Amino acid sequence: MTTSVKPTTWFWVVSVIALLWNLMGVANYLNQAFNQMALLESMDQAQREVFEGIPAWATAAFAIAVFSGALASIGLLLRKKWSRPLFVISLIAALAQFIYWLFISNAVEAFGPSTYAMPAIIIIIGIYLIFFSKKGIEKGWLK
């Protein structure tokens, strides 16, 4: 006979918010991948050059980050411990993308110092979700 530890209400709240957050990332990636012309039209020349210069590996890192994060969030809702390694993959991929965006490209010069804000928020949330899923495993909420 197996016993199951029921997660608290805040576990479900955080898991749903995590899924919505990561789905916004997926939507952002899909918008960038399939709506480039509209995005480029809203940019000045310096911003266009930065955007058009994004290498395939940075775009792939973006895709890996958002899709593994979304899958990890679904894993939380399914109470699966495989969500933790997917959150780790998501964070590593996001870090790779941000290293390019913030330190290799001219994004900060083209878009301004506020360019640092969203990557910082994403990294903080990514670290939190890794620790949150670790806590879920320790408490027996994730199997």
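Each reported figure results from applying straightforward, stated rules to the coordinates on display, with no laboratory input. Please read all numbers here as calculations on a predicted model, not as lab measurements. Cβ placement follows ideal geometry from the backbone for every residue including glycine, while neighbour counts extend to all protein chains displayed.
Tabulated results
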read-out: Percentage relative contact order, region 9-138, counting C-alpha pairs under 8 Å, at least six apart; value: 27 percent
read-out: Helix 117-138 vs. the chain, principal-axis angle (Cα, 0 to 90°, nearest 10); value: 20 degrees
read-out: Ile104-Leu23 FRET efficiency (beta carbon distance; Förster radius 22 Å; 0.05 resolution); value: 0.20
read-out: Residue among Asn35, Ala61, Leu71 farthest towards the positive dipole end of region 9-138, charges placed on Cβ; value: Leu71
read-out: Paramagnetic reach from Lys143 (point 7 Å along Cα→Cβ, amide N under 11 Å) across region 2-41; value: 2-6
read-out: Sites Val5 and Ala120, calculated FRET efficiency, Cβ-Cβ separation with R0 35 Å, nearest 0.05; value: 0.55
read-out: Integer Hz, Karplus 6.51/-1.76/1.60 couplings in order for region 25-32, x for Gly and Pro; value: x, 4, 4, 5, 4, 4, 5, 5
read-out: About the Cα centre, charge dipole magnitude for the chain (Lys/Arg +1, Asp/Glu -1 at Cβ), debye; value: 1200 debye
read-out: Amide H within-cut-off set for Leu142, under 5 Å, with H built and near neighbours excluded; value: Ile137
read-out: For the chain, average projected area of the Cα convex hull in nm²; value: 9.0 nm²
